[in-house]
Every structure is written in structure tokens, then in C-alpha cells.
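Right, one structure below, let's go through it.
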4 protein chains.
Amino acid sequence: MSQHKSHHVVGVIGASGYAGGEVVRLIDDHPAMSLGVIAGHSSAGKALGEVHPHLPGAERVLISQAESLESEVELMFLALPHGASAVPAMALLDRGVKVVDLGSDFRLTDAGRYESAYGSRHPFPDQLGQWTYGLPEMTRHLLASTDRVAVPGCYPTSAILAMAPLVAAGLVNPEGIVVDSVSGASGAGRGAKANLSFGAIDEGVRAYGVGTHRHRPEMEQAIADWSDADIDTVRLSFTPHLVPMQRGILSTCSAPLTSGATLEEISAALEKAYADEPFVEVLTEPVSTRWVVGSNRCVMSAHVDDHTGRAIVIAAIDNLLKGAAGQAVQCANLMFGLPEPAGLPIAGWMP
Amino acid sequence: MSQHKSHHVVGVIGASGYAGGEVVRLIDDHPAMSLGVIAGHSSAGKALGEVHPHLPGAERVLISQAESLESEVELMFLALPHGASAVPAMALLDRGVKVVDLGSDFRLTDAGRYESAYGSRHPFPDQLGQWTYGLPEMTRHLLASTDRVAVPGCYPTSAILAMAPLVAAGLVNPEGIVVDSVSGASGAGRGAKANLSFGAIDEGVRAYGVGTHRHRPEMEQAIADWSDADIDTVRLSFTPHLVPMQRGILSTCSAPLTSGATLEEISAALEKAYADEPFVEVLTEPVSTRWVVGSNRCVMSAHVDDHTGRAIVIAAIDNLLKGAAGQAVQCANLMFGLPEPAGLPIAGWMP
Amino acid sequence: MSQHKSHHVVGVIGASGYAGGEVVRLIDDHPAMSLGVIAGHSSAGKALGEVHPHLPGAERVLISQAESLESEVELMFLALPHGASAVPAMALLDRGVKVVDLGSDFRLTDAGRYESAYGSRHPFPDQLGQWTYGLPEMTRHLLASTDRVAVPGCYPTSAILAMAPLVAAGLVNPEGIVVDSVSGASGAGRGAKANLSFGAIDEGVRAYGVGTHRHRPEMEQAIADWSDADIDTVRLSFTPHLVPMQRGILSTCSAPLTSGATLEEISAALEKAYADEPFVEVLTEPVSTRWVVGSNRCVMSAHVDDHTGRAIVIAAIDNLLKGAAGQAVQCANLMFGLPEPAGLPIAGWMP
Amino acid sequence: MSQHKSHHVVGVIGASGYAGGEVVRLIDDHPAMSLGVIAGHSSAGKALGEVHPHLPGAERVLISQAESLESEVELMFLALPHGASAVPAMALLDRGVKVVDLGSDFRLTDAGRYESAYGSRHPFPDQLGQWTYGLPEMTRHLLASTDRVAVPGCYPTSAILAMAPLVAAGLVNPEGIVVDSVSGASGAGRGAKANLSFGAIDEGVRAYGVGTHRHRPEMEQAIADWSDADIDTVRLSFTPHLVPMQRGILSTCSAPLTSGATLEEISAALEKAYADEPFVEVLTEPVSTRWVVGSNRCVMSAHVDDHTGRAIVIAAIDNLLKGAAGQAVQCANLMFGLPEPAGLPIAGWMP
């Protein structure tokens, strides 16, 4: 797949999941990275074709995580469930391997907030704050010089990009943000669970994690960081919903306008923030996830509800690309000093 | 279908649409009503089986609206696009026929609000306020004695049932209500439109009518009426979304808690409001549309987000039943003095 | 649910599955049967509302199978996986309880064919042939006097109804039948399996059990019985496919025309066979599963491909109703001497 | 999009449809072709972003077909409805522009068969037989030297690849082929039609064109050509079905084995035929469309039903890629002497 590429050899741990599979697919097509190792847990020893029959190189074999930690790669992508990244991440860093963690272990920077969000103490509290939050639109300047990146969650990517520039510009009151998001089922992973069966998901919508979802503190932290605000002034109510589609997140984010703020100012603040961004686009018509599925883009539209004095920004991403694997590769590009869009799709899939 | 039933002969104008077809299906199974006439516009002259191959009595022929207005029925259901109900409704009332209008022509009670919502003057402004809003949970006492009922819109049904009791109890601030709703595609009707094609709807979510949807003033009016509040104190931000499923609406409704209000009080207010209601149920787990598709029920769950001080109520209905045809039949039952649940399904369909 | 019905008290073992849930729903609405007991295996002790939140009577508790076998019911529906029916069925019959088995344990009448189809010896080989195959269109005359009924499989129901009258009339050669069927995912049951997850089913089609599916010998046996043919002369190639929808089976069945047979004769043979059937309808336009989902009907269309000299009959059913629970209730109606259509829906659901 | 590519400038007429949009997407990413012109009919004058919001270069404007016929391109892709290709194709050829027609105007080589299949006389009967059928696995040797290519239909691509090698090897009887295919809705195009609405397609399956579909003679012609058989000895019964998904075709193809033919021989014949093919793979497990959606691959599995003596080959493609736009680009690569896989995706999309 990769013998003619002169470049960075990377690996993926957790390659059998949806996000891990997308990293494999992206790196296979990447002009300046190639895969040195793919590893799985219950899928260790299986051929890639057994777990991802849609990918070429079906004969490639997944090795165990333990074995992968000894491999000679320059950078490792971790696509693991919450709590499973921390130990392998530290082992890899000790060996000088850069780490891009698609999981949630190192996203929060405060041990107390971590414990309150995740219900357990962090195993490496000293590490919190030493990782770079991998949202290039916010932390691009830091990504070139870090060896450890925590890729944002899928919901936070959409909500932060939608709301942070408005908070930073003082156009909305960060204490009254409401984020209602819908996600395709791939966001819930690939497990064999009754509540993820076709029978349970198809032709229905449900909310979950109402008021308690772990992505909320992550959104608040990043919006505060982006806008240099005290984190306690950012108060966000977040309700995620599961809808019957494979991919895509649409976040409808609203907040009270500060006195006198207008649609023109709202739109201008977003357009200014993303004028030079290769992967974020501000549109006028309410956006659809269909415009970004298959792409690393985030599209958003800005609206003002004069009647209630709220700004509404609707943002759409592909949860497995800009919300996970694509953003991870975007970060890796920056860590390696490569062109930021290298190997990342702009065009989506439709229908 | 109906020859052995001794009772009320009714009709349906607009029988070829989704809502009209559901009225036909419900009346065919109703113990105390039977269909005297079914009428359509472009489908006039066609057999029912051509437009609704899932219904029995395929050989029944749809007549024209003009002809139907002369027919001998006791009550007519109108399932027509906005603006098309007013004239036939008045003609029927003049002949002494009761009217249950599933459309939006007579829902608003104020000519000014009507004009601002719908962009045109009402053709019969004197009628506004003379119609009963057909939400039995709110207006049951009026339904026995009226001959003209405006059935609520699908989104309003879910949002009003979720929020009105909390406003009435003074537990939330009605100026900060946010309603984010998702609907299956049947809510957009049965037209041959490119943006309703399978290719445009499947595997995607989009918002529409952001800040401008006509159901917003209807929600505000009913919440104010229910809670005896000044309508100007109810300020609601409403964003509807289209998701890839046939039926079902889920409305995630939130509002700032008034000082000191608790989850216990929120839950108690809803449970008290609906304790004796045959079609509304308050649950604890976040609800799914799958629990009500095929049923005339509305299920809801109440939550409090302490972090932001907001009450969140999530309500689910079948948009074609409790959100349209089922509610219309529920109203007709009350108008005829029949048992309110007569002919209305409680059990839903799953999977 | 049932206290005012004067009639037959029945039970359901396996009530937590899809087919069992449909039996519960149908009996709850049945004018002459009521539920005395509902039982489950892993769901024993749970409230019905936990396993079927779409059904009323949520507080009803599922008991264990062992307990249910002692209950006072007149008839028991068994909705269990293959191999799990035989023992409880015999225990119930010993106590004088009629049994309607939705499973496959007693469908085949020959122990050798059973062993070859299912890969194990039948535990009660003497019983084979003592059960009535519960396809009323074929065995109605036997159903009034039997106490043990094996309800046909979902695929066989569609294929037998499509092909048997043509074989019986000598219009097609039974050695060259090809049945290609597609089924919604509910046919695969409700288990928590990775290959039934939304991610695995949505937006894809796959074949399975190619040349080996256990429904093939069942189809051949019934077509031979129906047409009084030697079973060895019926040779049927059957390929089932899984498609991304909840309910519905469409079987495209074809066979070589015998010399000179015409479309008129094909159509006439089907129309004659089903002229008085309440649940089977022969149409001219190629049928859709959408016309029967939610209904106990089977609709079919007949075609002749002159170019290849094959008759093609396309049949559609709701796999959970005419293909399982509805057919089971239809049989029970006949066993009790009730009107055959009692409690069975003719109208389907659309959209 | 293309300024740095040194190479072949091509165009697309019919760029606003699904297949045309896929050609645009593929050429945008192609290493050796670039788009000189994109044209539409009702979409002429619109920006690409209006008709394909998922594609980059949204500001590119579609011109009219008339204008496009004067443009300086080396090759034109025509993605037009049946009957609309012939005139522009001849005009382009007259100007020395190579033509790759994704439509059906030039697929059949016999004027009589054309008239019988399409119900009208061909406007340029002399052209029939001068076009190369664009199935590289069959006609690769001709594609380097032709200037006019008729890309196969989507169903034929799957059925021909599945059956032709078996007919050519004398392993099956070509007079008894049965092809039952299912297709996603994108195969029916992008029109605003009631029978393509989400409400009409979702959660249902239907057959259409039973015994009369125009792809049947195309399949027979190509199978005969591939295997050097008399076309009258190839008799194929074809029934297409529409299933609720966007993309993908699965064709279940069967035929009577010739005396003594075995699964080993069937498999060997397919494996030999495709051993060196970059886009066709023979697998053992029944294939799923999910393995090829997003890819230009065709995957197939071979089976033998000993009971009926039929070979069964199940083939899956993405109808818009290997079934249309991908195959068109594959042909253009060969016409230009480029590497055959240039710009064509092997990896699919999952989930």
C-alpha cells in the first residue's frame, strides 16, 4: 500500500472500530504517511478484511496492543474506549513515539473536572494540561511542537466551532448556551448491543445523557479557552440525540445575544474566525449533515431569532472524520509539519 | 366497512394525503363513526386503493371537494394544506356540518398574529377566536359544545404538552423557552418534491424554518392560554429539524427554572397535569419516538440540568396520530359525546 | 386489558421477542381472547413495559417459562428460538392445553428431512406428522379439530402462497422453482448481535444461507402437500437476503411454464385459489411490502416472462404478522371456532 | 482544482444528476484529468454548490449543453437520460472529441434489438456496433483505440461479471439464467417524483419492470459476446427491485449447471477470469453491498445448490461507481493510455 511513500510511518491501536478503521482508510491514501502497524484487542490475529471488508489490503493482520507498543513507528493513533488510552499512551511517549489520542482520557485539563465528569480519578493527573487539545482551528500554533494530542470529541468539535467565536467576540452571553445535537449511530461505536441494533435505532429518535453527558465539560473548557474567559462563566446545557443514520452530527447551538448584537455581527464574527480555514465554512442556508458526510469539513449557518434575542448557529460534521479520524490526521499533519489538508477529503458523499 | 355501525356518519376532505389517509384508517375501525364520503383534489375520481394501497375498501372512490360539500355527513374532517380549509369550512358550517380542521387556518385567535405568522390577511377574521383549539388536554371542557375545531399542529402538540404545565405552575420562566424538535418526513406531506426525495432525506439531518416557523406563535398562544399568562411574556425559540424516518416527533424543550424550582416539583407538576389523561404519560427515562409510533399517546420525560438551571422536558408523539389524525378523532369523540379513547390506538408499532 | 371479554384465555411464552410482542399486541385487541399469562426467559420478572415500551399494560410482569407451563390457559402461543419449543409444547399438550408454535420444531413431517435440515435428530419423532401446518389457506379444514399447530416460517408463507396453486394446476414445472426473497431485519430476531447492529444493516443488502436455508425443505414439503405431488418432484432454489427495513418480506418466485401455459391461466389459477380468502389478494401491478406492513394480508402479482418461458409471482407479507404472529392468531381463531379474521388487521401502516 | 495537473481536459454534460456528480467528484481528484467544462440542462447557470453542496469548488458554474458542445475538451462524459445522448454524442465526435456515454443510447449493437427494447427506432442506426461497450474486464483491448464508449448499465455490470465467465466456460446452461437484483434508490435518478419520495421508498421493497426491463437484452448481448455464444442461446429472466438505501446493487444470478459441473469448477472459472483484475474480487462468503459502496470494486461469491443443480453467483457493486461514473472513468483511463486504476477508489465507505 505504502512502499513508494517516503515519509512518516505511523500506527493505529484500536483499528477494528469505526474510528480506527477510518484512520486506516485515510492513512492508506495519505501522500506522506504510511501504516507500520495496526493493532486490535479482541480482533488481534484477525486479517483486516475480516473486520473491515470495505478496505483494501485485506490480508494485513492486526497485532495485539502489547506487541504494537514495541513497534517502530513515529506516531501512534489511539482509537480506544474511554479509560483505555492512558496507559498505552504513556508507554509510547516514554519510547519517544508521538501520540494522537482519539479518546477522552486527556481532553480535560483539570483533575477535579475530570473526576467530576468521568466519575474516577485520572491515573496520570500530572499529564493533564500537558496535552494539546487537537482542534487545529483553536490550537494550530501549538500542534507543531507537541508530541501528545487529545483529539476533541465529536459533539464538542461541532459545538465549539459554532459558539466559541461568538463568545470570544462578546456577542452572546456564555451563561445561557443551549446545545441540542443529533448524531448518527456510528457515534455510539461498533459493539454488539441490543440498544444499537437495527431494530432499536431505525425509524426512531431518542435523547440520552440528558444533563449528564461527558462532552459538556469539554465544550465549556474549550469555549472558555478559545475566548479567554473564566470557565465558570461558560454554562452550557447539552442534550444529545440518536437518529437513524450512520454518520453525521448536527448541533443546533443557541445563546442569548448581548445587548444590541445583530445577525450581521454574528455572521461577521464567524466568517472572520474561519476565513482562512481549509475545513470550516460559514453558509447562509440552514446546513445539512449530507453536505459533509465523507468530508473533513464543518459547515455552519448563523441565524438570529429577534423574537427571543438568541443567536442560533447550526453546525454539521461527519462525526467519524472532522469529529474523530479526520481531525486526528489533521493534527498529525501539523505535528509532522506537513500541509494541513494532506490526505483529507474535502468532497463528501452524496447521495 | 361500516354498514353495521349505528352512529355518526362523517367525511374526510383531503383523504389522499398522509393525515387524511390516517383519518380514513381510524374511522374505518371506529366503533361509533363511519365514513360517508371521502374527497380529494387531484385524486378525485380515483379509487382509494390507488392512493392508499395499504387500506381496505380499495374500491371506494374519492369524490371532488365541491361534491363533498353537498354530502350528508354530520361532521367533516379537513386535511388540507394551509389556506385551503377556510372556504370549505365555512360552507360546511353554514349547512350545519361540524368541522374538524387538521390544517392551520383557524388555530390562531388574533388576526394580527395570524397575518404576521402567515404573511396574509385572514379571509374570515371574525371567525378567529370562535374556533376551539383541539387539544383535549387543554380544552376538553369546550369540545363537547363546539361545532368547529382547529386541531393543533404536530410540533405544537408536543411542545405545549411538555411546557405549559410548568409555565402554569410558575416553575419555569416562559421568556427563555427553547424548543428543538426533530420530525420524520411524513410531517412534510406527500408531495413530489426534490427535497423530499429518498436521496435528499435518507442518511441526513437538516434544520429548516430557523426562527421563522409558523408553529412558534401557535405554541406561544397555547402556552399562554393554558397558563393564563399574558402572551407577550411567553417567548419561545423554535428550531425544527427533518430526520430520516417516516413518523415521529421528538421535542426537546427547555426553560430557565424559576428560583428554587426542583426536579421533584417539575415532575410533580407534569404528573398532576396528566394523571387522568388517557393519552399522556410522564416517564423518567429519556423518551423515544419508537414508543409512540402507531399510537395516539404522547410520552414525556422530565429532567433538570442543575449546572445551568434549566428544566428539560422531552416529549414524543406520532406526528400523524396525536400530532394530526388521532387528535382530530379524539376531538370528534368529545364533540359527539363518545368515550374519548374510542377508536384510538394506545399500542404502538415496534419494530 | 381484558376483563370484559367473555372468552378464551391464552398465553404467550417468548413474549419479549418481536413475534411474541406482536402476539401480545394482537391478543390485547382481540374480541374473543385474552391474555392469562406472558412468559419470558431472560426477561422473566421484568415488567412488559421494559421489554415492549410501545405496548399498554406496561406493569404486567413476565413470568418464567417453568411457571407458565402450570398456568390455566386454554391455548399457548410459543414464540421461541428453533429447538426450544418441543419440550414445553409436549408438557402443555399433556395438560390439555392447545399449542400454537411459531417456531420451527414441528413444521417438517418427516424425521429424515428434519435431521437433514436441522442437523440433529428430532426429540419427539413420533410427533412429526401429528401437527397441523398452520397455513389456513391450505389446511383450514384441519385447524378446527387439532390441538397442535406449527405456524409456517415467514419466507415459506410467502413462497408457498405464490407457487403452490400454480404447481397444483400443472401450470409450472416444480423442479425449476427459484425463490429469491428479501426480508426486513426483524426476521432475524431481537438479539444483541454485531451483524444485526444498525451499523451493519443500514444502507446495505446481503444474501445469507445460500442453498442451505432451513426454510427450503419446508417450502418444498408444503408445495408438494398442497398440490398432491411427490415431494421429490419439487425442487426449489432459495436465496434469502437481508435489507435495511424493519418489517416485510418480498419473495420473487419463478418457475418454468409447462407447455403452452399463459399469463391468463397463471392469473386465473391464483385468483381462483384465493377468491374467498380474507387475507390473500392477487393484484396486477408488482407488489410492494409497504402495502402490507402492519396488516395480516398477503398481496401478490403474477407475471409471465415470455422470453424465457417462466412464470413469476411476487408476494409480499409482513413477516411478523402473516409471517408469524398474525398467522398464529388466524390459526387460533380457527381452532376456537371463531371468525377467522377476528382481531386481525387488514389495514396496513403507511407511511 | 486542477491548475497543477498536466494532462487531459475533459467535460461532463449532465453534471447535476447523481452519476454526473460522481464523475465531477472523481475527476476533481484524478491525477491526470481535469474538468474543463460542466454542463446541465435545467441547472444551467447555477453554481455547482447549489446542485452538489457536498462538492468543493462550489462557485463553478454549470453551462448549457449547447455551449458545452463548443468547448475545448479532449473527452466528454455524457450523463443524460435515455435518448438524450445520441445527438450531442454525434456532434462531439464530429469535432474530434472522444465520448464516454453513461446512458443507454449506444449499448445495444443491433437496431432490431434496440427498437424492441426501447420502443423506438435508433436515430443513428449506423452507429450501432461502432461503439465499444465499456466493460473493461471484457473489452479492455478495444478501449485504447476507440473514441466512443457506451458504459454498461448498472444492473448489467453486476450480472455480466457474475455470469459471463461461467457461460464462456460451458459450466452453466445460458438458457436458464435468472437474475434477481436489488438496487438502492439512487439508481432511479434524482427527479422530483412521488414514487421516489422518502415516504414511498423508506421501509419497503418493490419489484418493477418485471420481464420488461431494458437491461435484460443488454445483459444477454454482453454475455453472448463475452462467451462467443449465439445471442439466441442466452435467455435470461431479470427482475429488478428497489430497496431503501442510497447506493448499491446486489444481483443474485443463477443458472442450471451443465452436467457434472462442480463448485470447484465454478469458483475456478471466476477466479481465473478475474485473477489480474484490479476491480473484481471473488470471495467465498455471500457478499454485501456494504463492502463496495464508495468503491469501484465488484465483489462476488460463488455457490452451488446441489439440490437443484444450479450455480448461484451473487455480485455487489456501487451502482454509481462501478455501475456508472467509476466505470466511465476506468474506460477513459484506458482510452488515454493512463493506468487503469488512476483516480478510482478501492476503499469503500463503512459505516
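A:SER295 satisfies every condition listed in (1) more than 11 Å from chain B (Cβ to nearest Cβ); (2) in contact with a strand residue (DSSP E or B) (Cβ under 6 Å, 6 or more places away or on another chain); (3) within 30 Å of A:GLU203 (Cα to Cα) except (2). Each residue in the stretch B:90-143 was checked for being aliphatic (A, V, I, L, M) and open to solvent by 70 Å² or more (accessible area, probe 1.4 Å), and 1 of them qualify. When the test is whether a residue is touching a Lys or Arg at 6+ places or on another chain (Cβ under 7 Å), assigned by TED's automatic domain parsing to the domain that holds B:HIS303, hydrophobic (A, V, I, L, M, F, W, C) and open to solvent by less than 20 Å² (accessible area, probe 1.4 Å), B:PHE238 passes it.
Based on this model, can you work out whether D:PRO339 counts as surrounded by fewer than 20 Cβ atoms within 10 Å (Cβ to Cβ) and over 27 Å from C:THR239 (Cα atoms)? Before you say what the answer is, go through the steps one by one.
Working: surrounded by fewer than 20 Cβ atoms within 10 Å (Cβ to Cβ): yes; over 27 Å from C:THR239 (Cα atoms): yes.
Against the criterion (surrounded by fewer than 20 Cβ atoms within 10 Å (Cβ to Cβ) and over 27 Å from C:THR239 (Cα atoms)), D:PRO339 qualifies.
The number of residues in the stretch D:278-292 that are at the interface with another protein chain (Cβ under 7 Å from one of its Cβ atoms) and over 24 Å from D:ALA188 (Cα atoms) comes to 1. The residues of the stretch C:50-72 that are in a loop (DSSP other than H, G, I, E, B) and not charged (D, E, K, R), listed by number, are C:HIS52, C:PRO53, C:HIS54, C:LEU55, C:PRO56, C:GLY57, C:ALA58, C:LEU62, C:LEU69, C:SER71.
Quick check on the stretch A:210-219. Is at least one of its residues β-branched (Val, Ile, Thr) and either without any contact (Cβ under 8 Å) to a residue 12 or more places away in the chain or within 11 Å of chain B (Cβ to nearest Cβ) (or both)?
In the first step, residues of the stretch A:210-219 are kept if they are β-branched (Val, Ile, Thr); the result is A:210, A:212.
So of that shortlist, the ones also either without any contact (Cβ under 8 Å) to a residue 12 or more places away in the chain or within 11 Å of chain B (Cβ to nearest Cβ) (or both) come out as A:210, A:212.
Yes, the stretch A:210-219 contains at least one residue that is β-branched (Val, Ile, Thr) and either without any contact (Cβ under 8 Å) to a residue 12 or more places away in the chain or within 11 Å of chain B (Cβ to nearest Cβ) (or both).
Contact map, the stretch B:255-280: residues that are at pLDDT 95 or above paired with residues that are surrounded by 18 or more Cβ atoms within 10 Å (Cβ to Cβ) and among the basic types (Lys, Arg), Cβ distance under 7 Å, separation 6+ or inter-chain. Pairs shown: B:ALA255/B:ARG310; B:PRO256/B:ARG310; B:LEU257/B:ARG310; B:PHE279/B:ARG297; B:PHE279/B:LYS322.
Might you check whether a residue that is of a type in the set (D, E, K, R), in contact (Cβ under 8 Å) with a residue 60 or more places away in the chain and either touching a strand residue (DSSP E or B) at 6+ places or on another chain (Cβ under 7 Å) or within 16 Å of C:THR239 (Cβ to Cβ) (or both) occurs anywhere in the stretch C:193-207?
From the stretch C:193-207, those of a type in the set (D, E, K, R) are C:193, C:202-203, C:206; that's our starting set.
Subset that is in contact (Cβ under 8 Å) with a residue 60 or more places away in the chain: none.
No, the conditions are met nowhere in the stretch C:193-207.
Among the listed residues D:GLY45, D:GLY57, D:GLY49, identify the single one that is free of Cβ contacts under 8 Å to residues at least 24 places away in the same chain and within 14 Å of chain A (Cβ to nearest Cβ).
On the way: D:GLY45 fails: within 14 Å of chain A (Cβ to nearest Cβ); D:GLY57 fails: free of Cβ contacts under 8 Å to residues at least 24 places away in the same chain.
Residue meeting the stated conditions: D:GLY49.
Taking the criterion of being touching a residue at least 40 places away in the same chain (Cβ under 8 Å) and over 19 Å from C:GLY96 (Cα atoms), the residues of the stretch C:135-149 that qualify are C:LEU135, C:PRO136, C:GLU137, C:MET138, C:ARG140.
For beta carbons closer than 8 Å, sequence separation of 6+ or different chains, a first residue in the stretch D:89-117 that is touching a residue at least 40 places away in the same chain (Cβ under 8 Å) and a second that is among the acidic types (Asp, Glu) and buried (at least 22 other Cβ atoms within 10 Å of the Cβ), the qualifying pairs are D:ALA89/D:ASP101; D:ALA89/D:ASP105; D:SER104/D:GLU218; D:ARG107/D:GLU218; D:LEU108/D:GLU218; D:ALA117/D:GLU218.
Condition (residue is in a helix (DSSP H, G or I), of a type outside the set (Lys, Arg), more than 19 Å from the chain's Cα centre (by Cα) and surrounded by 19 or more Cβ atoms within 10 Å (Cβ to Cβ)) applied to the stretch C:145-166: is it met by at least one residue? For the stretch C:145-166, residues in a helix (DSSP H, G or I), of a type outside the set (Lys, Arg), more than 19 Å from the chain's Cα centre (by Cα) and surrounded by 19 or more Cβ atoms within 10 Å (Cβ to Cβ): present. In the set D:ILE317, D:ILE312, only one residue is more than 7 Å from every other protein chain (Cβ to nearest Cβ), in contact with a Ser or Thr (Cβ under 8 Å, 6 or more places away or on another chain) and touching a residue at least 24 places away in the same chain (Cβ under 8 Å); that residue is D:ILE317. Any residue at all in the stretch D:39-57 that is out of contact with any Lys or Arg (no Cβ under 9 Å at 6 or more places or on another chain), under 23 Å from D:ARG107 (Cβ atoms) and modelled with pLDDT under 95? Checked the stretch D:39-57: at least one residue is out of contact with any Lys or Arg (no Cβ under 9 Å at 6 or more places or on another chain), under 23 Å from D:ARG107 (Cβ atoms) and modelled with pLDDT under 95. Annotation: B:GLU285 fulfils all but one of (1) surrounded by fewer than 21 Cβ atoms within 10 Å (Cβ to Cβ); (2) more than 16 Å from A:ARG206 (Cβ to Cβ); the unmet one is (2).
Scanning the stretch C:172-191 for residues that are among the hydrophobic types (A, V, I, L, M, F, W, C), more than 9 Å from chain D (Cβ to nearest Cβ) and under 16 Å from the mean Cα position of the chain (by Cα), which turns out nearest to C:VAL304 (Cα to Cα)?
If we filter the stretch C:172-191 for residues that are among the hydrophobic types (A, V, I, L, M, F, W, C), which is where we start, we get C:172, C:177-179, C:182, C:185, C:188.
The next check asks that each one be more than 9 Å from chain D (Cβ to nearest Cβ); those that pass are C:172, C:179, C:185, C:188.
Going one step further and asking which of them are under 16 Å from the mean Cα position of the chain (by Cα), we end up with C:185, C:188.
Values: C:ALA185: 30, C:ALA188: 32 Å.
Filtering first and then ranking leaves C:ALA185.
Checked against (1) small (Gly, Ala, Ser); (2) outside any loop (DSSP other than H, G, I, E, B); (3) over 18 Å from C:TRP349 (Cα atoms), B:GLY20 meets all criteria but (3). Considering only the stretch C:22-38, state which residues are in contact with an Asp or Glu (Cβ under 7 Å, 6 or more places away or on another chain) and open to solvent by less than 10 Å² (accessible area, probe 1.4 Å). None; the set is empty. Residues in the stretch D:300-320 that are open to solvent by 10 Å² or more (accessible area, probe 1.4 Å) and assigned to a strand (DSSP E or B) were compared, and the one that is farthest from C:SER254 (Cα to Cα) is D:ALA302.
When A:ASP230 is tested against the conditions (1) acidic (Asp, Glu); (2) in contact (Cβ under 8 Å) with a residue 24 or more places away in the chain; (3) farther than 25 Å from B:MET300 by Cα, the lone failure is (2).
Any chance you could count how many residues in the stretch D:73-116 are in a helix (DSSP H, G or I) and within 18 Å of D:LEU62 (Cβ to Cβ)?
Looking only at the stretch D:73-116, we keep the residues that are in a helix (DSSP H, G or I), and these are D:86-94, D:111-116.
Add one more test, that the residue is within 18 Å of D:LEU62 (Cβ to Cβ), and what stays is D:88, D:92.
Summing the residues that are in a helix (DSSP H, G or I) and within 18 Å of D:LEU62 (Cβ to Cβ) in the stretch D:73-116 gives 2.
Checked against the criterion of being touching an Asp or Glu at 6+ places or on another chain (Cβ under 6 Å) and surrounded by fewer than 22 Cβ atoms within 10 Å (Cβ to Cβ), the stretch A:62-80 has no qualifying residue.
No other residue among A:ARG247, A:ARG297 is buried (at least 22 other Cβ atoms within 10 Å of the Cβ) and without any contact (Cβ under 8 Å) to a residue 60 or more places away in the chain apart from A:ARG297.
Given the condition within 17 Å of B:ILE346 (Cα to Cα), within 11 Å of chain A (Cβ to nearest Cβ) and of a type in the set (S, T, N, Q), answer yes or no: does some residue in the stretch B:240-249 qualify? Within the stretch B:240-249, none of the residues are within 17 Å of B:ILE346 (Cα to Cα), within 11 Å of chain A (Cβ to nearest Cβ) and of a type in the set (S, T, N, Q).
The values are calculated or read from the model by the stated rules, or taken from the named source; none is laboratory data. It should be emphasised that the depicted structure is a prediction, and the values quoted were computed from it without experimental measurement. Glycine also receives a Cβ, built like all others from the backbone with ideal geometry; neighbour counts cover every protein chain displayed. For the accessible areas, the whole protein counts, side chains as well, though only heavy atoms, and no ligand, DNA or RNA atoms are used. Shrake-Rupley method; radii C 1.70, N 1.55, O 1.52, S 1.80 Å.
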